[in-house]
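Worksheet for the structure shown next.
The values are calculated or read from the model by the stated rules, or taken from the named source; none is laboratory data. Since this is a predicted model, take the numbers as computed values, not measurements. So basically every Cβ, Gly included, is an ideal-geometry build from the backbone, and we count neighbours across all protein chains shown. To get the accessible areas, we keep the full protein, side chains included, count just its heavy atoms, and leave off ligands, DNA and RNA. Shrake-Rupley method; radii C 1.70, N 1.55, O 1.52, S 1.80 Å.
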Amino acid sequence: LGEEWDEESAINRKGIIVSPPFDTGESGNPLIVSKLRFLTVDVQQTCFYAVVRSWTSEGSSRLLWCDKLTSWEDIKALAQRFKINPSFVFIDCGYATQEVYRKCAQNGWYALRGDNKASYLFNDNGQKVYRFYSPVRTVYLGAKTNGEPMVAKMLFWSNLNIKDALNKLKRNQNPSRGVTWELPSDISEDYLKMLDSEHRIKKGNTFVWEQIGRRPNHYWDCEAMQVVVAFMLKIFGRVEETKSANDENDASE
């Protein structure tokens, strides 16, 4: 856990994802704004579960850290420790929603919420496009002390299609077989148990991911949110853009 990864990609000053080695300017410093790593957090009543994962531009990823945290300050400290850009911090807002919105507004983070929809409509240069995540919503929270509006950014994501994608990704740790989803050798048993906390079942005419009994699923949800961000940045997965409105009830199998 915590080891640096030489293959990790980054975002350059033009907002483009680039792979190492990174170009340097006259100063000799890499012309990058942020390494391609995300912090995703599942909020509970008395604690938080957090995952930091590093990504390449081709879609391979490596778990850098997972931990149980006890405060919002812990989240800020973890982001600073791994030099994660605030816009790459994503907090689940299914619990303590208003508090999550306030913290996201204060820190420049994003709020995420899983949803039963299969896809969401975008208008892309006049064309209808369906994706596994919704357009970003702006939540107005009132005014700051200086009179400026306090707003949080949030979006929904397809619980079915995102977890389908995660389930496929996590099967491969062998680079010779394509995109890899890697775990460190010293990962905790709690984390591994949570990866098997849900199963895909059919209910009525559609499929859903459902919690198995009362198994904790917090790290599984954090990893699902990692996949949401990867789709948002087009690291991988353009299949969702080919979906039509008629596909919304035909979840991928």
Some residue of segment 35-49 being part of a helix (DSSP H, G or I), within 20 Å of residue 182 (Cβ to Cβ) and either open to solvent by less than 50 Å² (accessible area, probe 1.4 Å) or not small (Gly, Ala, Ser) (or both): no
Number of positions in segment 139-155 that are charged (D, E, K, R) and surrounded by 11 or more Cβ atoms within 10 Å (Cβ to Cβ): 2
Boolean, residue 219 is closer than 23 Å to residue 94 by Cα, under 15 Å from the mean Cα position of the chain (by Cα) and either modelled with pLDDT of 95 or more or open to solvent by 70 Å² or more (accessible area, probe 1.4 Å) (or both): yes
Filter result for residue 58 (farther than 18 Å from residue 185 by Cα, open to solvent by 50 Å² or more (accessible area, probe 1.4 Å) and in a loop (DSSP other than H, G, I, E, B)): yes
Cβ-Cβ under 9 Å pairs, at least 6 apart or on other chains, segment 113-142 side without any contact (Cβ under 8 Å) to a residue 60 or more places away in the chain and under 20 Å from residue 223 (Cα atoms), far side open to solvent by less than 40 Å² (accessible area, probe 1.4 Å) and of a type in the set (Val, Ile, Thr): 113/97
